[in-house]
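Okay, structure first, notes after.
The values are calculated or read from the model by the stated rules, or taken from the named source; none is laboratory data. Keep in mind it's a predicted model, so treat the numbers as computed, not measured. Glycine gets a Cβ as well: all are built from the backbone with ideal geometry, and neighbour counts include every protein chain shown.
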Amino acid sequence: MDLGTTDSATWDRVLRRQYWRSVCLVVVFGLVLPALLLTGLWWQDNRSTWLLDHGDETTGQVTRVRTSSQGHDVPTISIAYQAHGAPEQVDIDGDSGRDYRVGDSVTVLFDPADPTHARTPDEQNLSDGWMLAFVIPLLLLIVFVPVTIVAAVTWARRRRAAGASTWRPVRLRTSEDTDHGQTVRFTLDGRQIVAKPTVLSFVPRGKKRRAGAHVAGSGRRLVLVLPTGSRRGRPRAVALKVRAKR
């Protein structure tokens, strides 16, 4: 790419690509992951409920009851039972609140094709591994959904502002502040601009990656395009928020 080009269509294309990337992230974190999470939870619950209607029934015996040292967690109940004449044992979380004691007789419902998949009428016995697999994506959703929405809105505004202005070449100077992050300075229309990258944006280090920088936008909303700003030498867009004009 010619670093000195002033073809506005080139920079518009870079900005448009960045905008749609941010929209795709919103779709993934706001729609796809929640759908997968709900599907997984439904499957896990349905798998446990299936045993109530189709599982083989037998009588088991509580062999162990484990609780945490603080006594606040759900107890784990170890139950021994016979499945098709073979001895089996299952560990079940006592979610129902029932008081289990070693030696208690308990009704066990197990999968005829997989006797280790079992539950009791009172305890669903949802897999801890599966529940952990659901909790991690849920935490990601809580963190990243707001971030991706903010990023998408930011790029939509920068795209609109850039479309109402022209692209102009600038020479960048940046500084790093441990308390306030990165500060970007450049001269635009004879005025010294002091700006900061917005969420998920930053100006890379290195003169080569900053060469040929162009800016568009108006007011406090500017967007910077670096022809070789990415690690692979591809164009990079950076959303800026103006802090001061001198």
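Per-structure values
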item: Complete set of residues in segment 52-93 that are of a type in the set (A, V, I, L, M) and either without any contact (Cβ under 8 Å) to a residue 24 or more places away in the chain or farther than 30 Å from residue 141 by Cβ (or both); result: 52, 62, 65, 74, 77, 79, 80, 83, 86, 90
item: Test for residue 96: is it assigned to a loop (DSSP other than H, G, I, E, B) and either farther than 30 Å from residue 206 by Cβ or modelled with pLDDT under 90 (or both); result: yes
item: Tally, over segment 189-225, of residues that are over 20 Å from residue 161 (Cα atoms) and outside any loop (DSSP other than H, G, I, E, B); result: 4
item: Residue list for segment 190-234, restricted to those being of a type in the set (Val, Ile, Thr) and either surrounded by fewer than 20 Cβ atoms within 10 Å (Cβ to Cβ) or out of contact with any His (no Cβ under 8 Å at 6 or more places or on another chain) (or both); result: 193, 194, 198, 199, 203, 215, 223, 228
item: Scan of segment 137-159 for residues that are touching a strand residue (DSSP E or B) at 6+ places or on another chain (Cβ under 7 Å) and buried (at least 20 other Cβ atoms within 10 Å of the Cβ), ordered by number; result: 154, 155, 158
item: Close pairs (9 angstrom Cβ cut-off, 6 or more residues apart or separate chains): of a type in the set (S, T, N, Q) and at pLDDT 85 or above in segment 136-147, surrounded by 13 or more Cβ atoms within 10 Å (Cβ to Cβ) and not in a helix (DSSP H, G or I) anywhere; result: none
item: Residues (surrounded by 14 or more Cβ atoms within 10 Å (Cβ to Cβ) and more than 12 Å from residue 60 (Cβ to Cβ)) located in segment 99-124; result: 111, 117, 122, 124
